[in-house]
Each structure stands twice: as C-alpha cells, then as structure tokens.
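Reading through the structure tokens given below for one structure.
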Amino acid sequence: MTHPHAFLKKGGELMIDLKPYFAGYNKNPLFTIISDGGIKCEPKGDGSYLIHAPRKDGCYTVRVNVIDDDRVSSLTRDFYFVVTSRI
C-alpha cells in the first residue's frame, strides 16, 4: 500500500488544493473526482476541494482526473485517505 495523503478523524473535514498535484495543467483545469463511496468531495473553486470523511474507520481512495483548455493530454492520480477515531 502506498502512503496516505492524509489522516482524517471520523466525520472530519480537510481542505485540499489539487493544483500542486497537477502542475502544468494551468489553462482553466477541469477536475473530475471519483470517490470509492466513503469520502465526499465538495468543490470550493480554483482547484480546491473540501474533503468530508465518513463516520467509519477505514482506508479510502479518491481518483482525480484533470484536463485543461490545451486538451493535449489528461492526467489521473489516486489520493489515499485514512479515517480513524484515534486522532
């Protein structure tokens, strides 16, 4: 397993800026979020998302795809979150 991007408390929240993870996609990037069902992602504008953790301990995956106005290529990355009551 890869290292998690963040640890979250059950029911907690985290603001994440996706732009640094997709450097080079600078011309009006469009992010597509696919969650495994546990993590909820709320867009906040300009590449920022509010991550809502479920109330159940576990490891969760969020897949993010980006493309920008160049339409030359896209990039997909997986983000891993650990949700626990031990924080």
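Scanning region 55-87 for residues that are in contact with a strand residue (DSSP E or B) (Cβ under 6 Å, 6 or more places away or on another chain) and outside any strand (DSSP E or B) turns up ASP57, SER74, ILE87.
Of all the residues in region 7-39, those that are in contact (Cβ under 8 Å) with a residue 12 or more places away in the chain and under 25 Å from ASP68 (Cβ atoms) number 20. Counting only residues that are over 29 Å from VAL72 (Cβ atoms), open to solvent by 50 Å² or more (accessible area, probe 1.4 Å) and among the aliphatic types (A, V, I, L, M), region 16-59 holds 0 of them.
Of everything listed in (1) in contact with a Phe, Trp or Tyr (Cβ under 9 Å, 6 or more places away or on another chain); (2) at pLDDT 95 or above; (3) among the β-branched types (Val, Ile, Thr), the single unmet condition for THR2 is (2). In the set (1) at pLDDT 95 or above; (2) of a type in the set (S, T, N, Q); (3) open to solvent by 40 Å² or more (accessible area, probe 1.4 Å), SER85 fails one condition alone, (1).
The set of residues in region 60-82 that are β-branched (Val, Ile, Thr), under 18 Å from PRO4 (Cα atoms) and either open to solvent by 20 Å² or more (accessible area, probe 1.4 Å) or out of contact with any Lys or Arg (no Cβ under 7 Å at 6 or more places or on another chain) (or both) comprises THR61, VAL62, THR76, VAL82.
The values are calculated or read from the model by the stated rules, or taken from the named source; none is laboratory data. Owing to the predicted nature of the structure, the values given are computational and were not obtained by experimental measurement. As a convention, Cβ positions derive from the backbone with ideal geometry for all residues, glycine included, and neighbour counts pool all protein chains shown. Please note that ligands, DNA and RNA were not included when accessible areas were found on the heavy atoms of the full protein model with its side chains. Shrake-Rupley method; radii C 1.70, N 1.55, O 1.52, S 1.80 Å.
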